[in-house]
Every structure is written in structure tokens, then in C-alpha cells.
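The values are calculated or read from the model by the stated rules, or taken from the named source; none is laboratory data. Computed from a predicted structure; not experimentally measured. Virtual Cβ from ideal backbone geometry, glycine too; neighbours counted across all protein chains shown. The area values use the complete protein model at the heavy-atom level, side chains included, leaving out ligands, DNA and RNA. Shrake-Rupley method; radii C 1.70, N 1.55, O 1.52, S 1.80 Å.
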Amino acid sequence: MASVLSSCRKQIREILTGQNSIPSRIKADTGVDIEIRCGLLGFRDIDDKERFIELNPDNHFADSELFLTRLEKLDAQGGNDLCEDVPGAVRRAFEWNDWSG
């Protein structure tokens, strides 16, 4: 699981700050600077005591580097047991307060 998390971190960094990041591509195409706000909802097994890990669910991070720094501190644990609570995570994300632009 740690290798999957490492790969996700790398892809998220590229999307937010890489040479072909979403903000840089939009600026190149339109001349408009955009800000991407980020939040993260990690989820675990259905029977785990702490099923969800949330990074800034109410306000989201406007600072991509701060978000990436917090993302680096997460670790993957467990395996070989009950499946993750995907439906619960989707429901939890819909409950976040600030999805407006």
C-alpha cells in the first residue's frame, strides 16, 4: 500500500505544481491564473476505529505546497483484511461544507 500512496503523491504534485500542471496549462491556453483548492479524504476498512482521515474538509487548502507537505506526512497501514469503506468515504465527502468556488 505504501507504494500506491507514494505514486498518488507524485501524481498529485504533478497535477498541482508540475511543468504540465493544471494551473500552468490553463494560464498558457488562456492567460488566466487560477487557484486550485485541495482537500483530502483518506479512508480505511469498514471495521477500523478511525475510518477516515481528513485534511481540511471545511476550507480546503489554497496553498498547494502546504497541502503537499501535509500529504507527505500520511502513511499507509494495514492490508489483507476487510475492504475499505469506499461508499462511506463518498458519503463523507458529500458532507463537506465548502464545495463552492
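Please go through region 7-39 and pick out each residue that is among the hydroxyl-bearing types (Ser, Thr, Tyr) and exposed (fewer than 11 other Cβ atoms within 10 Å of the Cβ).
Within region 7-39, SER7, THR30 qualify.
Between GLU50, GLU54, which is open to solvent by 80 Å² or more (accessible area, probe 1.4 Å), of a type outside the set (Ser, Thr, Tyr) and within 22 Å of TRP96 (Cβ to Cβ)? Full working, then the answer.
On the way: GLU54 fails: open to solvent by 80 Å² or more (accessible area, probe 1.4 Å).
Being open to solvent by 80 Å² or more (accessible area, probe 1.4 Å), of a type outside the set (Ser, Thr, Tyr) and within 22 Å of TRP96 (Cβ to Cβ) holds for just one of GLU50, GLU54, which is GLU50.
For region 15-67, which residues satisfy the criterion of being polar (S, T, N, Q) and without any contact (Cβ under 8 Å) to a residue 40 or more places away in the chain?
GLN19, ASN20, SER21, SER24, THR30, ASN56, ASN59
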